[in-house]
Amino acid sequence: MTYCYLKYSKDKIKLALDEVGSLEQCEFPYSHSEIALKKIKDFLESLVCRLDDLDPQLNTKDIIQKECKLALKALASYIPILGFILRSTNVRNAFEIFIPLLNISRKLLEPDIDVNQSTVKLILSSEWKYSPHMFVFHQTQFQQPQILDGFILIGLPSYESSNPLLIPLTGHELGHAIWKIKKLENDFRVIISKAVEKHIKIHWDDFPDEIKKIPNTAKKTDRESKTENLFVLPTKERATSFALKQTEETFCDFIGLNIYGTAYLQSFAYLFAPKLPGRRSLKYPNEVKRTNNLVKAAGQYGFEVPVDYQSNFEDRKDPELFKIDQLSITIADTVFDQMVQIAIDKAETILSETEVQRPDDKAIQEIYERFKSAVPFQNCNSISEILNAAWKAYEEPDFWSQEPLRENKDKILKELTLKNIEILGINQILQGPVS
Amino acid sequence: MILKSEHIATLLKEGDKIGEDDPLVISPQPDLEKLHASGSASVDLRLGTWFSSLRQARLSHLTMDEERLRPQLTKSHYVRYGSEYYLHPNSFVLGITLEWIRLPTTMAAYVIGKSSLGRRGLIIATATGVHPGYTGCITLELTNVGEIPIAIKPGMRICQLFFHQVWKSAKNVDCSQFIGRRKPELGNIKSDTIAQKLGDFPIGSDFHR
């Protein structure tokens, strides 16, 4: 018998390749999307060749089945990326932000390499969900073949993908890239795991009886048994995992805050206030706590917090959980609180080791003054300063008093901001090659 | 009165100062030293990255009395720096200046093509006027009247701006619908009551007998 799934698998990949062929006809706003597409195409072709080489007469059913599964799994992992690349060509996107954002990404992720020698590549796109999103490809990501190493893919909400006021949120997404590249998960896992153990030992008496059962075979001290007992282990693992994820998201907030300052707080409020629908995601601290942490970090970093900022946010309800999961999240929430200061310091240290400069108040004021005259500021140093000035103007209802500027304020302000970002990008191109 | 390059360079330098009340601005700014020394009466502007073309396959014709042109009838294109847009013979596309311009209330300007491009068949604009107080990029009407396709590149010098002093300073700024834009737009054609009444007049009515 010939194995029909071998043919099916090859056909599926060939059809995906046809689609890649169509995507190649798109008008690409910059070369990085094209390079990624070419890499995916080469990879899919290699999958077809691999399956072509499988001779049903020479290989067992198990081998053929396994190869097909692997190929289809790899295909499935790249389908969303193809969609992402397609959306990166849509003219709704603000392509002007590409060069300045690539510059920041390179300075952040490869601080020891000259920005023009860096291999970091960026694809800016949009997602049909109201949340910024990112894929990071780096050697540490073992689930997928390493064909897109060094690529960062950032997607803004589709119908707001040309809204420059949301750009500061890309700082959070870049935080995820730093988290992965610097392997911060390993460092934090050790600290969090110890903190969870400590918490369990201290609060042992409060635990439900069914969890406190200690196996008779355990010849360990009572103290060790509390955290190694088979019933406690899953709780400990889940708590560690939740606390770790919350710490990652919070660290990313602090990276965004460090890069964009007050503008990050403002775009964060734009996204989350008053409250997103649905229940809380356990990967994040609840909104009020998250905001309080941002305000605390802003204080340490020396950024101004908008007046009455925290009152914009509301907590969402926790999802309905089994008792044991509720216990895990309670421990995670408590342990996470102990990680906040460490994450604030870590983000500050990492940024201080790069050439990414914090927004300067004087420069922001100069840009703001130029915006008052409805013109870009010629000598900008950073996208962050432009965005802070834009947010300052956006928050001021009577920023322009004269018609037609006043009537069309938001639209003109966004256009002006994007033009200023483009001028910054032109200056960066003229200073050296950006490829 | 048309301004000479020395005067324009001086005004641009003054307009670059923070807090200037009614500045002349071209951003990115041209090289003021070169402009000052050029002895010309205009400033060259460059081509931007955004283009807008009509979706010909979806249009039977355009009427000139539409109050609002449906946006789906035009298509935006982004051409990155280093790439080219091929303008074929007899084809037409809207482009935009790379520079953001702001005119003081004491000045107006005209967008004129460059003779070197015109001699190759590229027509830039049909005497586009820029009114006092205008701020934004300037939409260009690009046509190839030659016989072979022309490659145009974002960043290239595409047109020139002649500045005129306005006789009496106007307090009001330009209220053009195109103000504050970075992408080319067709815009709407303003309703014209006289043309409307003339157009509504019944043909073959008693009036003609």
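Beyond 35 Å, the tail of the calculated P(r) for chain A holds 41 percent of the Cα pairs.
What the Cα convex hull of the stretch A:1-47 gives, in volume per residue, is 49 Å³. Couplings 3J(HN,Hα) of the stretch A:159-164, computed from phi: 7, 10, 6, 9, 8, x Hz, in residue order, whole Hz [Karplus 6.51 cos²θ - 1.76 cosθ + 1.60, θ = phi - 60°; x for Gly and Pro]. Near A:ASP315, the amide H atoms lying under 5 Å from its own belong to A:VAL288; only residues 5 or more places off or on other chains count, and H is placed 1.01 Å from N. The string of couplings for the stretch B:47-61 from the Karplus curve (6.51, -1.76, 1.60, θ = phi - 60°) is 7, x, 9, 9, 10, 9, 10, 7, 7, 4, 5, 10, 10, 7, 6 Hz, one whole number per residue in order, with x for Gly and Pro. Under 16 Å of direct C-alpha separation, and excluding same-chain neighbours fewer than eight residues apart, A:LYS183 reaches these lysines: A:LYS245, A:LYS346. Over 28 Å between Cα atoms, which of A:LYS198/A:LYS289; A:LYS38/A:LYS414; A:LYS129/A:LYS194; A:LYS129/B:LYS153; A:LYS409/B:LYS114 qualify? Flagged as over cut-off: A:LYS38/A:LYS414; A:LYS129/A:LYS194; A:LYS129/B:LYS153; A:LYS409/B:LYS114.
Tell me which trypsin sites (Lys or Arg not before Pro) from the stretch B:98-166 have a DSSP coil assignment and no more than 16 other beta carbons within 10 Å of their own.
The qualifying sites are B:ARG119, B:ARG120.
Please compute, over every Cα-Cα pair in chain B, the percentage with a separation greater than 22 angstrom. Summing the P(r) tail past 22 Å for chain B gives 56 percent.
Taking amide H positions as modeled 1.01 Å from N, with prolines and chain starts lacking one, the residues under 5 Å from A:PHE151 and 5 or more places away or on another chain are A:LYS121, A:PHE137.
For B:LEU140, the residues 5 or more places off, or on other chains, whose built amide H falls under 5 Å of its own are B:GLY95, B:ILE96, B:THR97.
Exposure proxy shown here: for A:PHE303, A:PHE251, B:PHE178, the number of other Cβ atoms within 10 Å sets the order, fewest to most, as B:PHE178, A:PHE303, A:PHE251. Taking the 0 to 90 degree range and rounding to the nearest ten, how far is the long axis of helix B:5-15 tilted relative to the main principal axis of chain B, both from C-alpha atoms? The angle comes out at about 90 degrees.
The phi torsions of the stretch A:243-252, fed into the Karplus equation with coefficients 6.51, -1.76 and 1.60 and a -60° offset, translate into couplings of 5, 5, 5, 4, 5, 4, 4, 5, 4, 5 Hz, rounded to whole numbers, with Gly and Pro shown as x. Taking other C-beta atoms within 10 Å as the exposure proxy, B:PHE92, B:PHE163 rank B:PHE92, B:PHE163 from fewest upward. For B:LYS190, give me every one of the aspartates and glutamates with a C-alpha distance below 12 angstrom, ignoring sequence neighbours fewer than eight places off in its own chain. Answer for B:LYS190, where 12 Å is the Cα cut-off: B:ASP65, B:GLU66, B:GLU67, listed by chain and number.
Note on the stretch B:76-122: Kirkwood radius taken over Cα pairs, Stokes-Einstein applied at 25 °C and 0.890 mPa s, translational D equal to 178 µm² s⁻¹.
For the stretch A:341-435, dividing the convex hull volume of the Cα atoms by the residue count gives 129 Å³ per residue.
Over chain A, dividing the summed -39,500 (n - 2.57) contributions of all DSSP H runs of at least 4 residues by the number of residues returns a 222 nm mean residue ellipticity of -19500 deg cm²/dmol. When all alpha-carbon pairs of the stretch A:1-120 are counted, what percent fall beyond 19 Å? So the portion of pairs separated by more than 19 Å is 58 percent. Three semi-axes describe the equivalent ellipsoid of the stretch A:276-435; taken as square roots of 5 times the Cα gyration tensor eigenvalues and ordered largest first, they are 38, 22, 15 Å.
Listed by chain and number, the lysines placed with their C-alpha closer than 25 angstrom to that of A:LYS61 are A:LYS7, A:LYS10, A:LYS12, A:LYS14, A:LYS69, A:LYS73; residues fewer than eight positions away on the same chain are left out.
Read-outs throughout are calculated quantities, based only on the coordinates presented, and are distinct from any laboratory measurement. Fair warning: this is a prediction, and the values are worked out from it, not measured in the lab. Here the Cβ is made from the backbone with ideal geometry for all residues, glycine too, and neighbour counts use every protein chain on show.
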